[in-house]
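In what follows, a structure is listed as structure tokens, so that the remarks can point back to it.
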Amino acid sequence: MTKTSTSKNNVNLPTPNMFQPKTDIESDAEIDLFYDQIKGKLDRLATNPQDETINKILAYSRAK
């Protein structure tokens, strides 16, 4: 027979301050900042993809 038990210590539970909800304004500001940081790279990728990327897409489309 197997005996199991549960620890009485709550070591794996999150602390009350671990997940503090952010306001919508803070979340929107973070998203805007992140987008501003990657916008140039996304624009270059959309207008000038690498040949390797195109070849991977074509190979995938042929395989299906």
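Yes/no matrix, rows are residues, columns are (1) open to solvent by 100 Å² or more (accessible area, probe 1.4 Å); (2) at pLDDT 65 or above; (3) within 23 Å of the chain's Cα centre (by Cα):
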residue	(1), (2), (3)
5	yes, yes, no
10	yes, no, no
23	no, yes, yes
53	no, yes, yes
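Checking residue 62 against (1) assigned to a loop (DSSP other than H, G, I, E, B); (2) at pLDDT 80 or above: exactly one of these is not met. Which one?
Residue 62 satisfies every listed condition except (1).
The values are calculated or read from the model by the stated rules, or taken from the named source; none is laboratory data. Small disclaimer: the values here were computed from a predicted structure and weren't measured. In case anyone asks, the SASA skips ligands and DNA or RNA and just uses the protein heavy atoms, side chains included. Shrake-Rupley method; radii C 1.70, N 1.55, O 1.52, S 1.80 Å.
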